[in-house]
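Peer 1: To start, I am sharing the structure in question, which I have written as C-alpha cells.
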Amino acid sequence: MLRFFCERLRQLSPDKLESVHLAIVDRFSLVSITCDEQDNPHLIFESLNAKGAKLTPADLIRNFLFMRVHVGDQERLFRTHWLPIQQALEDHLTEFVRHFLMKDGKILRESEVYFELKDRLAGSTPADVEAFLRVLHHHGMYYARFVDPRRESDRDLAERLDRICRLKVTVAYPFLLRVFDAYESQQLTKQQVVETLKIVESFVIRRAVCGRPTNQLRRIFPPVFDAAGGPGPTFVDGLRRQLGGARCPDDAEFKQALTTVPLYANSEKNIRLRLMLECLERSYGHREPADLSQTTIEHVLPQKLTEQWRVELGDDAETVWNRLVDTLGNLTLSAYNPELSNQPYSVKRRLLIESHLDLNQYFQNVDTWDERAILLRSEKLADRALQIWPDVGRSPGSSGRDSPATKPLAVQFRGRRLPCRNWRDGFQKLVEMFEQDQPGLLERLAGEDAFSAIVSFEPARFPRSKFQLGNVFVNTHASAAVLRDWCRRLAERAGLQPSDYGFITPDRNERLSTSS
C-alpha cells in the first residue's frame, strides 16, 4: 500500500503535490483508540466504519495480527497465510478461528474469540506472530476440507468427511483439527483417521436418534483428543473409551429408538434421516449402486391418512398411523415421490419394486402394509443400522463400563506401597515417584510433542484436571485405561521395567499390570 501511494504521488505535478500536502497537514487526523477489557471492540469499529459493514471477529483478529508484524512483511504474510484461508473458508472464517482456538480443549463463545487471541499473543514478537499465522494457515486448509469435503483428495477420507459435514457436526471440528494435524505430521495413520471419523459419526447418530442433548457435545469433543491419549498406536482405543460407556447409547437403546421414535421431523433431522437411508441402501453392497441424487424420502404409509389407507390399516387406523407414519420402518428413498403420493399400497409396491434400490426390493414379499409389516421392517433395518453405526466403546453384549472392583486399592513402586482413592490418585502417586526416582524427567518430556497430551509447562494446556510438579503440569483428565497407558509410556522413557511399578486391585489384592 505504501508503494502504491508513493507511485501515485510521483505522477502528480508540483501544484497538485502542494494541495495533497495541505490536505494531509490541515485535514487528516490519525485516531488511536485503546479498548479496556469491558469495552466491546465490535461496536466501536462498527461506529467508525464508513461503509456500515459489520466487522467480524475474524476481521478484528486479522487487524490484530498484522499490526504485530513488520510493515515490510505484512503483504507477504497476508498473501501467503491469511488470504488463502479467507478465500477457502469465506463465511466460515470466523467460526474456524474460534474452533482453532478451541482445539486444545478450551470452550469459547464467539464473543470471547478476540480477547482469547489477545491473551495468547500478549508480549509476542513479530516472529511469534508469523509462526502463529503459519500454523493458522495449515489448520485453515484442514478446516476447508471439513466444510467442503470435495477439497479432500483421498477418496476414503472425503466420503467420511462428507457424512460428518452433512450431519453438521461442527462441534467436532476443534477435535478433528488435532486429528488431521497429527495425520499430516504422520503421527496418525490414514486408517486411524478413517476409524476416528467412523467413531464420531456413530457417536453422533446414536445420540441424536436416542434424543440425547446436543448441547453436551460442545463440551465433550474439544478436550477428547488429549483425553484419548494423544496421537499414537493406541489413539483409536483411547477415543473409544472416552466416547463410549454412558456417553453413547448401547445397542438395546439405539435399536429401541430406531424402531419406535419418529425420525421424520424438521429439516435438520430430515438431513440426518436421508443420510441414514442412503447408508442403509449402500450397505447392501450392490455392484452397480443406484444413483441416489434424484431420490427423496418417501412415506410408504402416506403422511395424509386417506380412506383407502384406513381400510388397509384396520379398525385402529388412526392410532397406528400416528404412532408409525414417521418411523424408520415406514420410510424409504424413491425418485417416484409425485407418482406415489397417497396411492394405496398395491400401487406403491409396484413402483417401489421398479426403483432399482435394494432398500425397496424388500416390498416384493410384503403383500399388505399394516402395523405388523411396518414393525417387522423396522426391526430388520434397525439390525442393519447396528452394523453400520456400531457402539463406539463396547463389544456386543457388554456394558462397556469398568467394574467397580477394578478401581485400584493402592500403587507400588519398587516394593514401596501407597494407598490410593481412584485411578487419578494412583496415577499421580506413581508419576510423583517416577519424578523422585529421576529428577527432571517431567521437564525433559514436557518439551517433546509425543508427550504433549500428558505433561506441559503451560497450565492452560489442561483446562479440566491436572496436578503440578515443579514447573510441569500433568494432565489427569482421562479414563482409567488411558491413565494406565500414560503411566506405561512415562515409565518406558524412565527406563523402568513393568515389575518396578503398578496398580493394586482391591478384588484380589494383586498387582495389575499397566499394559493389561
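Peer 1: Can you bin segment 247-372 into rounded, prolate or oblate? Criterion: square roots of the alpha carbon gyration tensor eigenvalues sorted a ≥ b ≥ c, rounded for a/c under 1.5, prolate for a/b above b/c, oblate for the rest.
Peer 2: It is oblate, given that a/c is not under 1.5 and a/b is not larger than b/c.
Peer 1: Further question on the same structure: With Cα Rg over 2.2 N^0.38 Å as the read-out, I listed [x] 2.30; [y] 1.12; [z] 1.25; which label goes with the value calculated from this structure?
Peer 2: Of the labelled values, this structure produces [z].
Peer 1: Take every Cα pair under 8 Å in segment 260-388 that's 6+ residues apart, average their separations, divide by the length, and report that relative contact order as a whole percent.
Peer 2: Computed over segment 260-388, the figure is 31 percent.
Peer 1: Within 10 Å of each residue's Cβ, count the other Cβ atoms and sort Thr319, Thr80 from fewest upward.
Peer 2: Thr319, Thr80
Peer 1: Among the listed pairs Lys106/Lys190; Lys304/Lys380; Lys198/Lys466; Lys168/Lys269; Lys198/Lys255; Lys103/Lys466, which have their C-alpha atoms separated by more than 21 angstrom in this model?
Peer 2: From Lys106/Lys190; Lys304/Lys380; Lys198/Lys466; Lys168/Lys269; Lys198/Lys255; Lys103/Lys466, over 21 Å: Lys106/Lys190; Lys304/Lys380; Lys198/Lys466.
Peer 1: Put a dot 7 Å past each Cα toward the Cβ at Arg134 and Asp154; how far apart are the dots in nm?
Peer 2: With each label placed 7 Å out from Cα toward Cβ, I get 2.4 nm.
Peer 1: Using Cβ counts within 10 Å as a stand-in for footprinting exposure, how do His137, His356 rank, fewest first?
Peer 2: Listed from fewest to most nearby Cβ atoms, that is His356, His137.
Peer 1: Then there's this: Mind sorting Phe5, Phe413 by how few other Cβ atoms lie within 10 Å of their own Cβ, fewest first?
Peer 2: Phe5, Phe413
Peer 1: Along the Cα-to-Cβ line of Ala494, 7 Å from the Cα, sits a label point; which residues in segment 437-469 have backbone N less than 11 Å from it?
Peer 2: Under 11 Å, as judged by backbone N against the label point of Ala494, lie 437-442 of segment 437-469.
Peer 1: Using only the alpha carbons of segment 183-333, determine the length spanned along each of the three principal axes and report them from longest to shortest in whole angstroms.
Peer 2: Ordered largest first, segment 183-333 gives principal extents of 63, 38, 25 Å.
Peer 1: 222 nm [θ] for the chain, helices only, -39500 (n - 2.57) per DSSP H run of 4+, per residue, to 500?
Peer 2: -15000 deg cm²/dmol
Peer 1: Taking Cα centroids, how far is segment 265-323 from segment 222-249 in Å?
Peer 2: Between the Cα centres of segment 265-323 and segment 222-249 lies a distance of 35 Å.
Peer 1: Something else now. Quickly rank 129-136, 59-66, 8-15 as a protection proxy: mean count of other C-beta atoms within 10 Å, highest first.
Peer 2: So the peptides 129-136, 59-66, 8-15, ranked by packing, come out 59-66, 129-136, 8-15.
Peer 1: Work through the residues other than Val455 whose Cβ is under 12 Å from its Cβ and net out their charges, Lys, Arg +1 and Asp, Glu -1.
Peer 2: -1
Peer 1: Quick check on segment 82-232: take the gyration tensor over C-alpha atoms, sort the square-rooted eigenvalues as a ≥ b ≥ c, and tell me if it's rounded (a/c under 1.5), prolate or oblate.
Peer 2: prolate
Peer 1: Under 16 Å Cα to Cα from Lys16, which aspartates and glutamates show up? Leave out anything in the same chain fewer than 8 places away.
Peer 2: Excluding near neighbours in sequence, the set is Glu7, Asp26.
Taken together, the values in this text are just the output of simple stated rules run on the coordinates, not laboratory data. All values reported here derive from a predicted model rather than from experimental measurement. Glycine also receives a Cβ, built like all others from the backbone with ideal geometry; neighbour counts cover every protein chain displayed.
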